[in-house]
Each structure stands twice: as structure tokens, then as C-alpha cells.
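Here the structure is laid out as C-alpha cells; the discussion comes afterwards.
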Amino acid sequence: MSRIGKNPIVIPAGVTVEVKEGIITVKGKLGQLTQEFSDSTVVVEGDQVQVSRSSDHKDQRAKHGLYRSLINNMIIGVNEGFTKSLELVGVGYRASNQGQKLDLALGYSHNIILEIAQEVTLETISEKGKNPIVKLTSYDKQLLGQVAAKIRGFRKPEPYKGKGVKFVGEVLRRKAGKSA
């Protein structure tokens, strides 16, 4: 049996969880999230959510822990939220925002302008002598990761000098370069 899937999820105060016909809805102070599920049974008992499966079929075993993790991320998201920070490493790399529009200068001939989804809160931090930071905050972990990966994909960090867009705290594997 899945070690992650069999753990119950504790519902904090202020969060409501509803299960109807294969769709789970989680509401909290930051927003509302819905998720479809199949091959599993989700039961809400008091202040806990339990995910179980009806058989030991390979598909059901694979999705058991997945659905438990998705529901847990939904509950944490609507209660506390998630944050990802990206750092722009490189000479002349800049970031600014006007509302939900992110303007990136990443060494290309033109700036990259990206419209960010309304569910994601955008903030850019530019201090003199430090690399610019793009801070993304949302209650939807999947959407937040997708937006952060798209921004990182514009200029991935290269292994020789480390220039590019990287996550704050990300450890890059560096190469030595030419040996003289």
C-alpha cells in the first residue's frame, strides 16, 4: 500500500472540503480550488480527509499517493499559499512589472513581456548591487510552478558562468571550462 496515500490529511480551521461525484472542492481564506479524481475514494470525516482505493490494480496504486498529495497541496494552498522566487543572474538582466505584466530584459534584442495569470501575485525586487528577483505568490501550486517554469525557460542558467534565470536557493552544477 502507498505510504503517502494512506496518511490522513488534517483540515485546518477555516477550510472546507466537499466531495461530489468525482470532484473535490476546497475553499479557504485565499480562494477556491477544484480537482477531479477517479480510481480512488475520498472520504471527509470530521477534520480529516482519507484517500483509499478499491483494488490493487497498477493504475489505482499509482494514483493513490498522487491524489492524496494533490488534495494536501490544495488545502495548504487555500490556507497559507505558496511562494516561488526567481533570481536573474547576468549583466544587464532586469525585471519590472506593471500590474500583472512582467517585463524581462534577458540579453535578447527585445524585452520579453509576459502576462501573468490573475491567481498569481507578482512582485519584482531590484536592489543596487544585487541580482533582480521575481517573487511569485499563489494559492494554486500547479499554476505557480507552471508560471515559474515558463519564466525560467526564457533563459535557463548555463553551466559555465551561471548566467540566466534560476530559482533562489537552486544549486547549479558548474563546469570548469577550458583547461589551459
Inset, instruction - Return the residue satisfying two criteria in turn: it lies in the range 142-164 and is over 16 Å from the mean Cα position of the chain (by Cα) and of a type outside the set (D, E, K, R), and of such residues it is nearest to residue 77 (Cα to Cα). - result: 154
Inset, instruction - Please go through the range 132-168 and pick out each residue that is among the hydroxyl-bearing types (Ser, Thr, Tyr), surrounded by 14 or more Cβ atoms within 10 Å (Cβ to Cβ) and either at positive phi or not in a strand (DSSP E or B) (or both). - result: 139
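Condition test on residue 113, is it aliphatic (A, V, I, L, M), over 30 Å from residue 50 (Cα atoms) and exposed (fewer than 14 other Cβ atoms within 10 Å of the Cβ)?
Yes.
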Inset, instruction - Among the numbered conditions (1) open to solvent by less than 50 Å² (accessible area, probe 1.4 Å); (2) out of contact with any Gly (no Cβ under 9 Å at 6 or more places or on another chain); (3) under 21 Å from residue 142 (Cα atoms), tell me where residue 37 comes up short. - result: (2)
Inset, instruction - Of all residues in the range 53-66, count the ones that are open to solvent by 30 Å² or more (accessible area, probe 1.4 Å) and either touching a helix residue (DSSP H, G or I) at 6+ places or on another chain (Cβ under 8 Å) or assigned to a helix (DSSP H, G or I) (or both). - result: 8
Inset, instruction - Tell me which of these residue 86 doesn't satisfy, since it passes every other one: (1) of a type outside the set (Val, Ile, Thr); (2) assigned to a strand (DSSP E or B); (3) open to solvent by 40 Å² or more (accessible area, probe 1.4 Å). - result: (3)
Inset, instruction - Return only the number of the condition from (1) free of Cβ contacts under 8 Å to residues at least 40 places away in the same chain; (2) surrounded by fewer than 19 Cβ atoms within 10 Å (Cβ to Cβ) that residue 50 does not satisfy. - result: (1)
Inset, instruction - Can you give me the number of residues within the range 2-34 that are part of a loop (DSSP other than H, G, I, E, B), touching a residue at least 24 places away in the same chain (Cβ under 8 Å), farther than 14 Å from residue 49 by Cα and not polar (S, T, N, Q)? - result: 6
Legend entry - Checklist (1) within 30 Å of residue 33 (Cα to Cα); (2) in contact with a strand residue (DSSP E or B) (Cβ under 7 Å, 6 or more places away or on another chain); (3) without any contact (Cβ under 8 Å) to a residue 60 or more places away in the chain applied to residue 165, failing item: (3)
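The values are calculated or read from the model by the stated rules, or taken from the named source; none is laboratory data. Every value quoted in this text rests on a predicted model; they were computed, and no experiment measured them. Backbone-built Cβ (ideal geometry, glycine too); neighbour counts: all protein chains shown. Ligands, DNA and RNA are excluded from the accessible area calculation, which covers all protein heavy atoms including side chains. Shrake-Rupley method; radii C 1.70, N 1.55, O 1.52, S 1.80 Å.
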